[in-house]
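We did not get these values from a lab; they are worked out from the coordinates using the rules stated. Just so you know, these numbers come straight off a predicted model, no measurement behind them. Because the Cβ atoms are built from the backbone with ideal geometry, glycine has one as well, and the counts that use them run over all protein chains shown.
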């Protein structure tokens with residue numbers, strides 16, 4: 001055989017081998033970076049219980065809805081009322097406001113609102129990624145503002161950050 005024929009044969013064999021291996025390996029890419037087993041079709045989020053004394057009553061519904069919205073909009077999974085292939089549950093364990101920056105006259109210049117969640121994640125098709133973990137986020141506000149005046153805005157921002165943290169921990173393998 002001539003040298004050119006050998007090169008062509010090797011090239012064809014390499015190409016066929018690549019196609020064969022590529023057809024056997026299933027890799028799933030998404031625009032969000034989510035890494036979800038191909039078999040997973042559904043997700044569920046149990047209502048987050050409010051176990052924090054000072055948290056507003058609506059806080060549990062807000063965090064539950066925000067997590068559902070994030071997963072529904074960023075994945076191909078369908079929400080189910082039963083236990084989904086991907087499942088979340090948890091509770092609000094902390095809701096706290098404290099002075100943060102003390103000025104010279106021992107007055108607080110800033111206050112910090114901190115929210116803590118305990119989250120359990122179950123992946124039916126990849127149990128090695130199951131976890132139970134605490135997630136904490138905070139926002140600061142001027143001490144001249146009352147918490148009731150800024151609370152809704154702060155909760156929205158903290159919820160957004162918490163949901164992003166939970167989503168990334170559970171479904172994004174960076």
Antiparallel DSSP beta bridges within the range 37-171, percent to nearest 5: 80
Rank the residues 117, 154 as a footprinting-exposure proxy: fewest other Cβ atoms within 10 Å of their Cβ go first. 154, 117
Taking neighbour counts of Cβ atoms within 10 Å as a proxy for exposure, in what order, fewest first, do 88, 135, 43 appear? 135, 88, 43
Distribution of pairwise C-alpha distances over the range 37-171, 5 Å bins, in %: 2, 10, 19, 21, 16, 11, 8, 5, 4, 2, 1, 0, 0
Of 91, 145, how do they rank once you tally other Cβ atoms within 10 Å and put the fewest first? 145, 91
I need the semi-axes of the equivalent ellipsoid of the range 107-146: take the C-alpha gyration tensor, multiply each eigenvalue by 5, square-root it, list largest first in whole angstrom. 37, 7, 6
Given a Förster radius of 35 Å and the C-beta distance between residue 149 and residue 80 as r, what FRET efficiency does 1/(1 + (r/R0)^6) yield to the nearest 0.05? 0.35
